[in-house]
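*Asks:* Here it is, the structure in full.
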């Protein structure tokens, strides 16, 4: 018989502080953009994000009170995932650039909702098939088909989120006991598919090539046919793939330990695109300096620590896999975003959880944390 314990105030307080800090930084990063580019009041993006934050915390509190064991049902495992699989192609045809679905009061991005939906499904599926986790016909093949379809639909227009989904799924399968030979096969297949996804889009290939070979010396040396460089440069959507990364480095480099001060950043003045969304970590670095960026990292470290702690203390396999998957999805996405902003990886648009502007991301993250809080309160 499980017992309900007190709320994990360490985790909840960290989440509340990070969301509040994100709102402040969104206002700082977007106030000029809102007026100059969108002809909106300076607080426009702040109010939009504040509405999503209210909805997100409502979802968090509701899911915190909803026993996670009730999610271990077919309707909860397959329902949200089926909805996401339906919405992904709809979003692509409605808005192929942003993958958004307008809903009147804002936009929904199904790829963000795919993360908690996939984790809930995998926790159910892997627990159900635990005795036969390495059975090819009845476990691995059905899972590969369904997850492959999900990754494909997401990767068509959002490779970064597809990578987050893939890493989360691999970790969950590994902890569930998948044999190493299958893990190696899956890893090889994932690398091949990611390579195909990168090569299929000239702008993606250009970002990767220009990161490791900015002058195209290696391309010119080994491309005997002379076809690769023209293909890479055929991307009309990206004129300088390293521009954002360079501007982000300038923001961090000019800040020092204490930064230039809140609202006093310079790179957000149309030098750094997406300053209030994917590259908001650079704005934090410029305005709040080393202590600000370290505080953000510390916040994610606390979430990772509490999530792993919940994973280790939860007695049932379903709760353990659920806690692990939700934690890895949030922590890895944060790591991915920060890596890109610091110029340690090819430029890829992916929001910083709880900090970047984006309603779907904030709602999905807070809902995931609500489930995580519930798991922590139902131990015994």
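*Asks:* So, in segment 224-236, of the ones that are closer than 17 Å to residue 201 by Cβ and exposed (fewer than 10 other Cβ atoms within 10 Å of the Cβ), which residue ends up modelled with the highest pLDDT?
*Replies:* If we take residues in segment 224-236 being closer than 17 Å to residue 201 by Cβ and exposed (fewer than 10 other Cβ atoms within 10 Å of the Cβ), then 227 is modelled with the highest pLDDT.
*Asks:* Kindly list, by first and then second residue, each pair from a residue in segment 261-274 that is on the phi < 0 side of the Ramachandran plot and in contact (Cβ under 8 Å) with a residue 40 or more places away in the chain to a residue that is surrounded by 14 or more Cβ atoms within 10 Å (Cβ to Cβ) and part of a loop (DSSP other than H, G, I, E, B), limited to pairs with Cβ atoms under 6 Å and residues at least 6 apart or on different chains.
*Replies:* 268/275
*Asks:* Then there's this: Inspect all residues belonging to segment 320-330 and state whether any of them is closer than 25 Å to residue 176 by Cα, under 13 Å from the mean Cα position of the chain (by Cα), surrounded by fewer than 24 Cβ atoms within 10 Å (Cβ to Cβ) and free of Cβ contacts under 8 Å to residues at least 60 places away in the same chain.
*Replies:* No, because not a single residue in segment 320-330 is closer than 25 Å to residue 176 by Cα, under 13 Å from the mean Cα position of the chain (by Cα), surrounded by fewer than 24 Cβ atoms within 10 Å (Cβ to Cβ) and free of Cβ contacts under 8 Å to residues at least 60 places away in the same chain.
*Asks:* Among the residues of segment 253-265, is there at least one that is modelled with pLDDT of 85 or more, outside any helix (DSSP H, G or I), crowded, with 16+ Cβ neighbours inside 10 Å and in contact with a strand residue (DSSP E or B) (Cβ under 9 Å, 6 or more places away or on another chain)?
*Replies:* no
*Asks:* Step by step: first the residues of segment 4-29, then only those that are within 20 Å of residue 276 (Cβ to Cβ) and more than 21 Å from the chain's Cα centre (by Cα), then the one that is surrounded by the fewest Cβ atoms within 10 Å (Cβ to Cβ). Which residue is that?
*Replies:* Checking each candidate, the answer is 27.
*Asks:* Suppose we filter segment 342-366 for residues that are closer than 21 Å to residue 194 by Cα and assigned to a helix (DSSP H, G or I); how many remain?
*Replies:* The number of residues fulfilling the criteria is 0.
The values are calculated or read from the model by the stated rules, or taken from the named source; none is laboratory data. Predicted, not measured: the structure shown is a model, and the values here were computed from it. Note that we place each Cβ from the backbone using ideal geometry, even for glycine, and neighbour counts take in every protein chain shown.
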